[in-house]
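The values are calculated or read from the model by the stated rules, or taken from the named source; none is laboratory data. Every value quoted in this text rests on a predicted model; they were computed, and no experiment measured them. Counting neighbours? That spans all protein chains shown, and the Cβs are built from the backbone with ideal geometry, glycine included.
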Amino acid sequence: MAAKQKNLSSSADQSLPGGSDLYFAIVVSDWNSEITDALYKGAMKTLKANGVEENNIITVRVPGSYELPQAAAMLAETQSLNAIICIGCVIQGETRHFEFISQAVAQNCMKVALDHFTPVIFGVLTTDTFEQAKDRAGGKHGNKGVEAAAAALRMAELKDLMMPDDFDLVDPFDDPW
């Protein structure tokens, strides 16, 4: 039985934490730009509507979704960010390329998040058709960019609660003596 189709974008901005003192990066794939540009606009609108200053948002464009985790890692390493949003769109074709790209991007976005203690939000559409992507980039299924920004705000708040600025990361392999 198929799951009921939902448009979560309309409820994504309810009860979101404010972002007036937060810093974000949005990494956007140029591939399928009609889709990724719409997702980016939704993410920007949501961040700004929740108090994030435009000057506190770094935008980086990359050629395709495969490059999203690479840019996210560079940002996590060089910038002090509360969260990173990766926006892309991979559409199924006739070959297995779709599977390899989708899996690599998902796994490596998570790897960046875990390696750098920085939330990395997976705002990458992986659809069977271009029409399905359009439906999720401002169409009948909302805008997944809005949902990605909502997740970034919530995860930034969680990071702040769990890891205050004065929290000192301890390497378990450091010799304590």
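Quick look at the values:
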read-out	value
Residue in region 87-100 that is farther than 27 Å from residue 16 by Cβ and of a type in the set (Lys, Arg) present	yes
Considering residues of region 108-130 that are of a type outside the set (A, V, I, L, M, F, W, C) and either under 22 Å from residue 35 (Cβ atoms) or touching a Ser or Thr at 6+ places or on another chain (Cβ under 8 Å) (or both) only, the residue surrounded by the most Cβ atoms within 10 Å (Cβ to Cβ)	123
Positions within region 114-132 being in contact (Cβ under 8 Å) with a residue 12 or more places away in the chain and closer than 21 Å to residue 72 by Cβ, in sequence order	115, 116, 117, 118, 119, 120, 121, 122, 123, 124, 125, 126
Pairs where the first residue, in region 86-105, is touching a residue at least 12 places away in the same chain (Cβ under 8 Å) and surrounded by 17 or more Cβ atoms within 10 Å (Cβ to Cβ) and the second is among the basic types (Lys, Arg) and assigned to a helix (DSSP H, G or I), C-beta under 8 Å, 6+ apart	none
Subset of region 20-53 (residues that are in a loop (DSSP other than H, G, I, E, B) and surrounded by 20 or more Cβ atoms within 10 Å (Cβ to Cβ))	22, 32, 52
Subset tally (residues that are closer than 14 Å to residue 109 by Cβ and among the β-branched types (Val, Ile, Thr)) for region 61-98	5
All positions within region 70-87 that are in a helix (DSSP H, G or I) and touching a strand residue (DSSP E or B) at 6+ places or on another chain (Cβ under 7 Å)	71, 72, 75, 76
Residue in region 89-104 that is closer than 26 Å to residue 15 by Cα and in contact with a strand residue (DSSP E or B) (Cβ under 8 Å, 6 or more places away or on another chain) present	no
Qualifying residue in region 54-62 (condition: modelled with pLDDT of 95 or more and crowded, with 24+ Cβ neighbours inside 10 Å)	no
Residue that is farthest from the chain's Cα centre (by Cα), among those in region 1-16 that are surrounded by 13 or more Cβ atoms within 10 Å (Cβ to Cβ), in a loop (DSSP other than H, G, I, E, B) and at pLDDT below 85	7
Filter pass, residue 76 being at pLDDT below 95, under 16 Å from the mean Cα position of the chain (by Cα) and under 21 Å from residue 150 (Cα atoms)	no
Qualifying positions in region 116-148 - within 14 Å of residue 81 (Cβ to Cβ) and assigned to a helix (DSSP H, G or I)	116
